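The values are calculated or read from the model by the stated rules, or taken from the named source; none is laboratory data. A quick note: this is a predicted structure, and the numbers were derived from the prediction, not measured. No Cβ is skipped: glycine too gets one built from the backbone with ideal geometry, and neighbour counts run over all protein chains shown.
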Amino acid sequence: MNRLTRTSILFLAAAAAGAHAEGVLDPALLGCWRAAKIVLHTQDGATAEDISGRCSLHFKEDQFDSVCKTATGMATTTYRYQIVRPGVYAATMAGSSFRTEMVGSTREYAYRIDGDRLHTATAPPPTPPAAPAVAPRVDTEATRTPCP
């Protein structure tokens, strides 16, 4: 798996879901999820798929944390989130152990929960020429797991 794919998959997994609207929490999202499938759609139309299950998400009231096992250790990212429309949340990167240049960036995600499965999909906003490249679209399926 090349570096862009690995980094984009980690970014996606980190951003894969939380919800908070008008002070009302979506309790179905609270807890822990393991990414069962991540599909990265690149700018040239190619796709890369990760079914390793190496990324997990932990959703709290107003933030979620993503932890992914990598070849060099663990990559951890923290996001603040809020619902901006029904079924859509905005996640702002608050901290990261590997993508520090993206701290402060916000992306929107459509999400859906089917029982113990969480589905997310995103399309990033247009990026200025100097901004780091990110995948145009990332789709994730995650399963609920017990929190450590």
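In the stretch 105-122, what residues are over 14 Å from the mean Cα position of the chain (by Cα), part of a strand (DSSP E or B) and surrounded by fewer than 13 Cβ atoms within 10 Å (Cβ to Cβ)? Steps first, answer last, please.
Within the stretch 105-122, the subset over 14 Å from the mean Cα position of the chain (by Cα) is 113-117.
Now restrict to residues that are part of a strand (DSSP E or B): 113-114, 117.
Selection gives 114 alone.
Might you let me know whether the stretch 66-77 holds any residue that is over 21 Å from residue 39 (Cβ atoms) and touching a residue at least 12 places away in the same chain (Cβ under 8 Å)?
Scanning the stretch 66-77 turns up at least one residue that is over 21 Å from residue 39 (Cβ atoms) and touching a residue at least 12 places away in the same chain (Cβ under 8 Å).
Identify the single condition in (1) modelled with pLDDT under 90; (2) surrounded by 14 or more Cβ atoms within 10 Å (Cβ to Cβ); (3) part of a loop (DSSP other than H, G, I, E, B) that residue 53 does not satisfy, given that it satisfies every other one.
Unmet for residue 53, out of (1) modelled with pLDDT under 90; (2) surrounded by 14 or more Cβ atoms within 10 Å (Cβ to Cβ); (3) part of a loop (DSSP other than H, G, I, E, B): (1).
I'm trying to understand the selection: among the residues of the stretch 74-101, which are in a helix (DSSP H, G or I) and either modelled with pLDDT of 90 or more or under 17 Å from residue 57 (Cβ atoms) (or both)?
Step one: of the stretch 74-101, the residues in a helix (DSSP H, G or I) are 100-101.
None - no residue of the stretch 74-101 is in a helix (DSSP H, G or I) and either modelled with pLDDT of 90 or more or under 17 Å from residue 57 (Cβ atoms) (or both), so the list stays empty.
Looking only at residues that are more than 16 Å from the chain's Cα centre (by Cα) and at pLDDT 85 or above in the stretch 123-147, which one is surrounded by the most Cβ atoms within 10 Å (Cβ to Cβ)?
145
Quickly run through the stretch 85-104 and pick out the residues that are farther than 21 Å from residue 141 by Cα and either crowded, with 19+ Cβ neighbours inside 10 Å or in contact (Cβ under 8 Å) with a residue 60 or more places away in the chain (or both). Don't jump to the end; show me each part of the working.
The initial filter retains those residues of the stretch 85-104 that are farther than 21 Å from residue 141 by Cα, namely 94-104.
Selection gives 96, 98, 99, 102.
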